[in-house]
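Beneath this line is the structure, given in structure tokens, with notes to follow.
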Amino acid sequence: MPLFIYLQTNRFMSFITRNFFLFLLLILCLSCFPGKAQNGLTGIGQWRMHLPYNKAVSVAEGNGKIYCASRYGLFSYDKEDGSIERYSRISGLSDLEISSIRYSNNAHVLVIAYENSNIDLFYDDNTIINLSDIKRSSIVGNKSVNDIFFRDHFAYLSCGFGIVVLDLSRKEIKDTYFIGPNGAPINVNGLTTDNTWFYAATDNGIYKAQVNNPFIFNFSEWSKDTTILNRNGKYTSIAYFSGRIFTVETDVTGFHDYIRMHDTAWSSPPIDSGDVDMKISTYLNHLNVKLSYTIEAYDASLTRTHVMSATEYPNTLPKDGFIANDNTFWIADFNNGLIRIKNFWDYSNLTPNGPKSPSVYAMQVLNDDLWVASGTIKGTTPAYSYNGTYLFTDEEWKTFDRTNDSIYNRITFTDVNCMAIDPSDSKHAFVGSWGSGLLEYRDHGAVHLYDESNSPIHAINGASPGYYLMAIGGAAFDNNKNLWVANCATNLPLLQLSSTGTWTSHPLPSQFSVNYFYQLLVDDFNQKWIIGRGGANGIGVFNENDLANPNDNSFQLLTASAGSGNLPSTTVFSMAKDKDGAIWMGTDKGVAVIYNPGSVFTGDDYDAQRILLQQDGHTQYLLETESVLAVAVDGANRKWFGTVSGGVFLMSEDGTQQLKHFDADNSPLLSNYITSIAINDNTGEVFFGTEKGIVSYRSDATVGGETCDKYLVFPNPVTHDYSGPIAVKGLVNNADVRITDLSGSLVYHTKANGGEAIWYGNNFKGERAHTGVYLVYVSNEDGSATCVTKMLFVH
């Protein structure tokens, strides 16, 4: 029982001692009413990152941990207890897309470099200092951070314009060296020292300067090494190891890299060479050499002691690695994340769970199961992405792609872009690909592929013989649990798969059948709404009427003309049906809504309406300057809109009031470009698909039911140090909620957002409520459905 966790604190024990009978009453209350535990739900107003940690690019050791940076996130592995901890903008990091990390044992800090030249200093005490000077600088051209090198309490950053020196003790930038000819910017790829000279590997030779030169900041103190064979060559990394300088030279063709070594003179060492994308580094007693598909380690005698390649370990793509003191090989792998190799037989993957890619095009949630289609479509052309289909279930991400799904591996065009979840089984879904047909999934992967060989699905009109481009642009289940599929640019583009497994093809008018499609939606009248992507844009509405008579089908094309839809624009990106049956649409000119979709075929007015807002004394249409790519409706019938450049907007039920606005600057939102939004009606968690991955936010609205037999209060008990929202969940829809003390005095009164009500622990005067047991009375509008529960509140 969760209460016992709180009994361990002295303050709470003191409260229980002084209020023994109240404690007994609490135990009785909690045992008499079901469902009062928190069940591990994410707190209201909190965010979660759902990042692909497998795309590892850099690895470092320090503070008893192994730090691994993926392209999209950072995590650590504790070598003592085996725990894994994730770090993101939620936990204090300032940015995304890490390029490299290195740990300074001298300063006890992890230096994090991002692809946009931002820098974080992550100290052992969990302090994070952001140094955004390079990112914000007015330097024209390349500002990338190519390498991180430590000496004493300084970090030397090799950058696209020169060398930046960080003082890790003072937590600030100390100096910048422009070492190119006449002080011109030059791309510095790496830096090292033999404690007498600094050596900088650049795109135009190797430059050196004396370490103790007080004027080292002056370009004239840096000179090019003319003793190396190719004095003007491109050198991509450099390291000092076992009394010698090693560097990687890229030949003029760009197809081969070679390692050069300087002892008394420059030569070619007995190390694997001639590959591309090579990089060298040192750690402890080894020289590490990264090749295209292999990483190797050499000892002081230049004998190879460790190797990790795709030959021995299939589907690996190492990007960085080192040998620790205990001879363990730690590797950052771009396909698998953090890899630990103790010997050939002891291989471990220590990567946190997450989707394998940040790509997300469409999402849908049902019964706590989130399905994600990752494909990217450029206009009407496949992008040939192989990121697969994701399923988030039981707090775990599963990715079905070519590495683990034999049916997915069979398809040529793998841009999966839409899905429909079986309303009877949330672990059963159909996913459309932009080129290879329709995939049927269970929670263990694809189980069937529908294409021209076994269904009415056809290739697009005009496809070359043998070029089977079967583009599926939308899928949805109707009110009778039949699956509808939009098969783009064919003579019979609308297909139906009945619940008994029978396929039926439906023609559309010629001006719409040649179209490509964005989305398919079924309204409360079982009408099918289809967004046109090319040719005749706008929205097509279809009703099959009598299935036995294919000649009585009805079709209406909605356009920008008054009387024919009155859309703000025929460029429509998204649709959603709200709790009242209205159809909300996102276009390149903002939002519109059709309140009476049942009138499309009756001859009554069905034109779309735009929402007028008053802001700063001006009247404007809702998001009229935004392209709205995503529309979603939460449990309180509020509207969420995702845009191309403005982030996410939460609007009131009627769309006239802005309740929240999230963007990349004021929230952990990964990007302002929102591709899709999906909402878990059971928990209120809102998932945002962005161009940089998936992030979710726990809102304060869930879907209410007809009864409140699964209600719960959390947190319960409420401790003295908790000041966040107290949620009452699982209520009847839009319930009336009253909170009283045991004497019956009313403390708080509110209305539920769908199936969830929120209390912040204050009474009507704004004062913190007193310690005690409180009763929560819940009822629907007519009082026919009621429930009562209790909570313990500690001031």
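Data for the structure
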| read-out | value |
| --- | --- |
| R0 of 45 Å, Cβ-Cβ distance E115-T196: FRET efficiency to nearest 0.05 | 0.85 |
| Projected label distance in nm at D443 and K135, using a 7 Å step from Cα toward the beta-carbon | 3.9 nm |
| Nearest-20 debye value, segment 633-709 charge dipole, Cβ charges on Lys, Arg, Asp, Glu | 280 debye |
| Kirkwood hydrodynamic radius of segment 168-286, Cα pairs, Å | 15.0 Å |
| Semi-axis lengths, Å, segment 514-647, gyration tensor of Cα atoms, sqrt of 5 times eigenvalues | 26, 16, 14 |
| Relative contact order (percent, whole number), the chain, Cα cutoff 8 Å, 6+ residue spacing | 7 percent |
| Separation between Cα centres of segment 692-710 and segment 719-795, rounded to whole Å | 18 Å |
| Per-peptide average of other Cβ atoms within 10 Å, ordering 494-506, 329-341, 664-676 highest first | 329-341, 664-676, 494-506 |
| Potential lengthening between D346 and D78 on full extension [0.36 nm per residue; Cα-Cα distance subtracted] | 94.7 nm |
| Residue pairs, from the table K143/K356; K143/K171; K224/K319; K79/K290, whose Cα atoms sit over 26 Å apart | K143/K356; K224/K319 |
| Length-normalised contact order of segment 362-698 in % [C-alpha pairs under 8 Å, at least 6 apart] | 9 percent |
| Packing-based ranking, highest mean first, of 346-358, 564-576, 153-165 given that Cβ atoms within 10 Å are counted | 153-165, 564-576, 346-358 |
| Segment 362-698 - charge dipole about Cα centre, Lys and Arg +1 at Cβ, Asp and Glu -1, debye rounded to 20 | 700 debye |
| Dipole of the chain [Lys/Arg +1, Asp/Glu -1 at C-beta], most positive-end residue of T264, V718, N666 | T264 |
| Gain on full stretching of the segment that runs from S220 to N491 - 0.36 nm per residue minus C-alpha separation | 90.3 nm |
| Cα-centre dipole for the chain with unit charges at Cβ (Lys and Arg positive, Asp and Glu negative), debye to 20 | 1280 debye |
| Helix axis angle, 20-32 relative to the chain longest principal axis, alpha carbon, degrees | 70 degrees |
| Label point distance in nm, F525-T619, each placed 7 Å from Cα along Cα→Cβ | 2.9 nm |
| Positive-end residue, the chain charge dipole about Cα centroid, Cβ charges, pick of P509, A475, N315 | N315 |
| By average C-beta atoms within 10 angstrom, highest first, the peptides 139-150, 638-649 | 638-649, 139-150 |
| Pairwise FRET efficiency - S510 versus D425, Cβ, R0 = 35 Å, nearest 0.05 | 0.40 |
| Base-10 log of normalised Debye intensity for segment 746-795 (one unit scatterer per alpha-carbon) at q = 0.25 Å⁻¹ | -1.09 |
| Relative contact order [Cα under 8 Å, 6+ residues apart], segment 112-251, whole percent | 15 percent |
| Spacing of the two label points (7 Å from each Cα toward its C-beta) at Y777 and D552, in nm | 5.4 nm |
| Pairwise centroid distance, computed over Cα atoms, of segment 522-592 with segment 103-147, Å | 50 Å |
| At q = 0.21, 0.24, 0.27, 0.28 Å⁻¹, base-10 log of I(q)/I(0) for segment 543-619 (Debye sum, equal scatterers on each alpha carbon) | -1.00, -1.15, -1.25, -1.29 |
| Stretchable slack from D175 to S292, in nm (0.36 nm times residue separation minus alpha-carbon distance) | 38.7 nm |
| Under 12 Å, Cβ to Cβ, from D451 - net charge with Lys/Arg +1 and Asp/Glu -1 | -1 |
| Pairwise FRET efficiency - S91 versus K765, Cβ, R0 = 41 Å, nearest 0.05 | 0.65 |
| MRE, 222 nm, helices only [DSSP H, n ≥ 4, -39500 (n - 2.57), over the chain, to nearest 500] | -1000 deg cm²/dmol |
| Kirkwood-based shape ratio for segment 641-795, expressed as Rg/Rh from alpha carbons | 1.03 |
| Mean projected area (nm²) of the alpha-carbon convex hull when segment 121-176 is viewed from all directions | 3.9 nm² |
| Coil-residue GluC sites (Glu not before Pro) of segment 690-778, DSSP, other Cβ within 10 Å capped at 16 | E691, E706, E767 |
| Radius of gyration and Dmax over the Cα atoms of segment 362-698, both given in Å | 19.1, 61 |
| At most 16 other Cβ within 10 Å, DSSP loop - chymotrypsin sites (Phe, Trp or Tyr not before Pro), segment 732-791 | Y760, F764 |
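A short reminder: the numbers here are calculations on the coordinates, not readings from a lab. Just so we're clear, the structure is a prediction, and the values are computed from it rather than from any experiment. Ideal geometry is used to build each Cβ from the backbone, glycine not excepted, and the neighbour counts take in all protein chains shown.
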